[in-house]
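The values are calculated or read from the model by the stated rules, or taken from the named source; none is laboratory data. Everything numeric here is computed off the predicted structure, so don't read it as measured data. When we count neighbours, we look across all protein chains shown, and the Cβ atoms used for this are built from the backbone with ideal geometry, even at glycine. In case anyone asks, the SASA skips ligands and DNA or RNA and just uses the protein heavy atoms, side chains included. Shrake-Rupley method; radii C 1.70, N 1.55, O 1.52, S 1.80 Å.
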Amino acid sequence: MTEETPVLTKQDIHAFLSSMGIRPTDTLTIHAALRQVGPIENGADGLIESLKEYLSEGLLLVPTHTWANVNPKNPVFDVRHTVPCIGTLARVAAFRKDGIRSLHPTHSMAAFGKNARAYIEGEEKSRTPAPVGGALSRLYDVGGKVLLLGIGHERNTYLHAVDERIDVQNRIAEKGFDATVIDWDGNVIPCPDYHPHQVHGLPEHVSGCSEYYPNYKKAFEEAGAVHYGQLGNALCYVCDVKKMTDRMITIWKHADRDMCVCDMDIPESWYKEEQA
């Protein structure tokens, strides 16, 4: 007879967040594989409630991305109805009444907490997935953190914002399409010449360059940009946005190839210059 996995309570989640150095004032974005974590009291809604309550003076950002659903053949993002393409937590967060979902056509986020509306304002003006000045990119400016529950850097969407910040080539489609955003009141907002992700040179079985973001894992660890813990059954990462960004900037100063189109060990000489 196997022992059942205990159901995680709000108190368990709060204790975990505290133990991982997350503060009630933090701006936190989360990606989660809930099946890896195990049972949570009240499921995805319970996790969101627990995070919201803990971040009592902070901001919770839950990605509600639609990049698989909004494209040249179907160029309309309706914030009220377009279903996220990235899992249960996103699908629940997108339509909760206590948050506000941003108007980014492919990389929207549901924001909960202090200054939520102000933080996601203007995302309908985005012409790429993670532009400088956009909601993802500004995690750097506010000293934000990324929480990965039961997944690794292959789902660390923030890293796309670093690619755009330092203008990494071979990330954005050369040809754009005219998207349309429909806001919370049903207003139609043109989003012309929107350029989604497109990376050339990937193996056929790989969906995007993010599948190779784990190549940065050792470099992030060496910079103290990530630390690990466990919630339920899942290995979890807490990532410091500023440290990850600064480490990637250093790496790309030295890179002689694109390390995110294949598996590779990033040479330590590409990122240890600041300690020399």
ask   = What number of residues within the stretch 222-250 are farther than 30 Å from residue 5 by Cα, without any contact (Cβ under 8 Å) to a residue 60 or more places away in the chain and within 21 Å of the chain's Cα centre (by Cα)?
value = 6
key: Residue among 73, 10 that alone is out of contact with any strand residue (DSSP E or B) (no Cβ under 6 Å at 6 or more places or on another chain) and either crowded, with 17+ Cβ neighbours inside 10 Å or among the aromatic types (Phe, Trp, Tyr) (or both)   = 10
task = Could you identify the single residue in 65, 107 that is surrounded by fewer than 23 Cβ atoms within 10 Å (Cβ to Cβ) and under 19 Å from the mean Cα position of the chain (by Cα)?
result = 65
task = Look through the stretch 235-262, keep the residues that are assigned to a helix (DSSP H, G or I) and charged (D, E, K, R), and return whichever of them is least open to solvent (accessible area, probe 1.4 Å).
result = 247
task = Scan the stretch 164-182 for residues that are crowded, with 18+ Cβ neighbours inside 10 Å and under 18 Å from residue 108 (Cα atoms) and report the count.
result = 5
task = From the list 35, 101, pick out the single residue that is of a type in the set (Lys, Arg) and closer than 30 Å to residue 182 by Cβ.
result = 101
note = Screening 145, 114 for residues that are modelled with pLDDT under 95, open to solvent by 10 Å² or more (accessible area, probe 1.4 Å) and in contact with a strand residue (DSSP E or B) (Cβ under 9 Å, 6 or more places away or on another chain) leaves only 114
inquiry  = I'd like to know if the stretch 88-95 contains one or more residues that are in a loop (DSSP other than H, G, I, E, B) and more than 20 Å from residue 176 (Cβ to Cβ).
reply    = yes
ask   = Which condition breaks for residue 219 when tested against (1) under 30 Å from residue 103 (Cα atoms); (2) open to solvent by less than 30 Å² (accessible area, probe 1.4 Å); (3) under 22 Å from the mean Cα position of the chain (by Cα)?
value = (1)
inquiry  = Restricting to the stretch 33-45, name every residue that is touching a helix residue (DSSP H, G or I) at 6+ places or on another chain (Cβ under 9 Å), open to solvent by less than 70 Å² (accessible area, probe 1.4 Å) and at positive phi.
reply    = 43
task = Taking residue 171 as meeting all but one of (1) out of contact with any strand residue (DSSP E or B) (no Cβ under 7 Å at 6 or more places or on another chain); (2) modelled with pLDDT of 95 or more, write down the number of the exception.
result = (1)
request  = Give the number of residues within the stretch 128-142 that are open to solvent by 10 Å² or more (accessible area, probe 1.4 Å) and touching a His at 6+ places or on another chain (Cβ under 6 Å).
outcome  = 1
key: Extreme residue, surrounded by the most Cβ atoms within 10 Å (Cβ to Cβ), among residues of the stretch 51-62 that are over 19 Å from the mean Cα position of the chain (by Cα) and either of a type outside the set (Phe, Trp, Tyr) or on the phi > 0 side of the Ramachandran plot (or both)   = 53
ask   = Looking at 212, 228, which one is of a type in the set (Ser, Thr, Tyr), open to solvent by less than 70 Å² (accessible area, probe 1.4 Å) and either at negative phi or assigned to a helix (DSSP H, G or I) (or both)?
value = 212
note = residue 48 passes all but one of the listed conditions (1) β-branched (Val, Ile, Thr); (2) surrounded by 16 or more Cβ atoms within 10 Å (Cβ to Cβ); (3) under 24 Å from residue 126 (Cα atoms); the exception is number (3)
message = Filter the stretch 76-87 down to the residues that are open to solvent by 20 Å² or more (accessible area, probe 1.4 Å) and either part of a helix (DSSP H, G or I) or in contact with a Pro (Cβ under 8 Å, 6 or more places away or on another chain) (or both) and list them by number.
response = 86
